[in-house]
1. G47 is checked against (1) among the small types (G, A, S); (2) farther than 19 Å from E12 by Cα; (3) away from the ligand (no atom under 13 Å from the Cβ) and fails just one. What number does that condition carry?
2. What pairs come out if I take residues in segment 33-61 that are under 15 Å from T5 (Cβ atoms) and pair them with residues that are surrounded by fewer than 16 Cβ atoms within 10 Å (Cβ to Cβ) and at pLDDT 95 or above whose C-beta lies under 7 Å away, six or more apart or interchain?
3. Of all residues in segment 3-32, which are at pLDDT 95 or above, under 19 Å from N75 (Cβ atoms) and not polar (S, T, N, Q)?
4. F6 passes all but one of (1) assigned to a loop (DSSP other than H, G, I, E, B); (2) within 16 Å of the ligand (Cβ to nearest atom); (3) not β-branched (V, I, T); which number fails?
5. Give A28, A45, A32, A80 a once-over and let me know the one that is within 16 Å of P102 (Cβ to Cβ), of a type in the set (G, A, S) and surrounded by fewer than 16 Cβ atoms within 10 Å (Cβ to Cβ).
6. Kindly provide the set of residues from segment 83-106 that are of a type in the set (G, A, S) and either under 19 Å from P34 (Cα atoms) or surrounded by 12 or more Cβ atoms within 10 Å (Cβ to Cβ) (or both), ordered by number.
Amino acid sequence: MAVVTFVSHDGEKHEAPLEEGCSLMQVAKNNAIPGIDGDCGGEAACGTCHVIVDPAWADKVGPSGPVEEEMLSMNPERQATSRLSCQIKASESWDGLTVQLPEFQM
Ligand code: FES
């Protein structure tokens, strides 16, 4: 089973099984990962699913799209590998993927 690790700002790790085709936000919600609210239901309109992808995984996960980019550009906690997890379609080939949660998303 492929696993993704969500790391909170204070270093606490939470693992969840990667479900092919599911968004990473949905994976987090399905597994009660703290800090991923997904308030807009995955429409790239709320920013409460912000994650910072481990730089080693950034190429595999891919870049943000234009709508996502607009939302991220308003986020003061944005970093170089920031993504909205609702816009990331999980792949079971990503076993070991690690994403960090920003400080103010707990
Ligand atoms: S769930 Fe709202 S932007 Fe991702």
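1. Only one criterion is unmet by G47, namely (3).
2. The qualifying pairs are I52/Q79.
3. F6, V7, L24, M25, A28
4. (1)
5. Details: A28 fails: surrounded by fewer than 16 Cβ atoms within 10 Å (Cβ to Cβ); A45 fails: within 16 Å of P102 (Cβ to Cβ); A32 fails: within 16 Å of P102 (Cβ to Cβ).
Every option except A80 fails the conditions.
6. Correct list: S85, A90, S91, G96.
The values are calculated or read from the model by the stated rules, or taken from the named source; none is laboratory data. Predicted model only: the values in this text are computed from it and were never measured. We place every Cβ from the backbone using ideal geometry, glycine too, and count neighbours over all the protein chains shown.
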